[in-house]
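Here's the structure we're looking at; comments come further down.
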Amino acid sequence: MSRRIVRCVQRAALLLLFCCAGVAWATVSTASTVVIRQSNTADINTEDYYFYRVLELVLHKTEAQWGAAQIKQLPYRPEDKRLRSALMLGKVDVLWSPTSANFERQMLPVRISLLKELNNYRLLLIRKNEQPTFSAVQSIDDLRKLKGGMSSQWTDAKIMEYNKLPLVQAVGYGKLFKMLAAKRFDYFSRGVYQIHSEVNFYPELELQIEQELMLSYPNNVYFFVNKNNTDLAKRIEMGLKIAQRDGSFDKLFNSIPRFQWGLALLKKHQRRVITLQPLPSKTPAIIE
């Protein structure tokens, strides 16, 4: 073999080595960044604040096993359906959402309930001076005489439809408050931990918390990742279990004012509970 051919072979081998190294470095870089949607992480009264910090906690608790990782936010905030599509396309690494059988077919869930049982109970946001209408509701059949409002992209809408509750659906969280005030529907079902702050979001709309009823149905909130990203799912599950064992998960959970209000209400309430049938789902959550 001539010296020229040997040199060519050597150059090709070195080029292949550098290319492989570049792939390895890119993989490490990608693994050290976890992409989520644009989130409001500064205000403790938003849901983003809590879920962002749970994810932060999980990544911190697993640094020894998986290495350091940073959370990166998208420069925009897609609606729920587009967010799920972004995750399935690999543009987003993690999202948090109530589960459903359909979501679990599309994405890989980490089946540890992020809100414990707090998301299983809901109160109704109604227009002021309409309490007598709801005081007359004694059963789910009575509630079926009224119209609820809900985002068409939320699992709750599917649960209400499954229970044959009339529903007006729209896309856009803020729009639903205005639609309620405009009498497009009669009530807006909200989580027991959400409604206390939400009732004050739009004081000009003259809304109030309904005083006598509570809806109940299993509605676990999980972290979801891409079906192919099993390593990240394992890391999140490991981190959540570590945080549950060492008490840091409970410490964070109990530090959220909205959760404190919701838990206090659940302990002392004397409301009529209307139980809805849940959507068929896979294995139950781990709740601690």
Under a crude label model (7 Å from the Cα following the beta-carbon direction), how far is V171 from E130 in nanometres?
2.5
Run the reach check for K227 against lysines, Cα to Cα strictly under 22 Å, same-chain hits fewer than 8 apart removed. What comes back?
K72, K81, K91, K241, K282
For the pair A182/K72, report the inter-label distance in nm, with labels modelled 7 Å from Cα in the Cβ direction.
4.0
Fraction of alpha-carbon pairs over 18 Å apart in region 120-216 - percent
39
Region 124-160 residues near the modelled Q211 label - backbone nitrogen below 18 Å, point 7 Å along Cα→Cβ:
124-138
Could you run the Karplus curve 6.51 cos²θ - 1.76 cosθ + 1.60 with θ = phi - 60° over region 183-192 and give me ³J(HN,Hα) per residue in whole Hz, x for Gly and Pro?
6, 6, 8, 9, 7, 10, 6, 10, x, 4
Between E79 and L252, what is the label-point separation in nm under the 7 Å Cα-to-beta-carbon projection?
3.0
Burial ranking of peptide ranges 197-206, 126-135 (average Cβ count within 10 Å, highest at the top)
126-135, 197-206
If packing is taken as the average count of other Cβ atoms within 10 Å, what order do 255-266, 182-193 fall into, highest mean first?
182-193, 255-266
Set of lysines with alpha-carbon distance to K183 below 18 Å, sequence-local pairs under 8 removed:
K128, K145, K147, K175
The answer for the chain, counting only DSSP H helices whose Cα atoms cover 30 angstrom or more along the axis and whose Kyte-Doolittle average is 1.0 or greater, is 3-31
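Rounded to the nearest 5, what is the percent of antiparallel bridges among the DSSP beta bridges in the chain?
55
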Whole-Hz ³J(HN,Hα) from phi, Karplus 6.51 cos²θ - 1.76 cosθ + 1.60, for region 115-127, glycine and proline x
10, 6, 9, 5, 7, 8, 10, 9, 10, 10, 8, 9, 7
If you take the beta carbon distance between H60 and Q260 as r and set R0 to 35 Å, what does 1/(1 + (r/R0)^6) give as a FRET efficiency, to the nearest 0.05?
0.90
Helix-only CD estimate at 222 nm, as mean residue ellipticity for the chain, using -39500 (n - 2.57) per DSSP H run (n ≥ 4)
-13000 deg cm²/dmol
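Only the coordinates and a few stated rules stand behind these numbers; no lab work does. The shown structure was predicted, so the numbers you read here are calculated from the model rather than taken from an experiment. Neighbour counts are summed over all protein chains in view; Cβ atoms, including those assigned to glycine, are modelled from backbone coordinates with ideal geometry.
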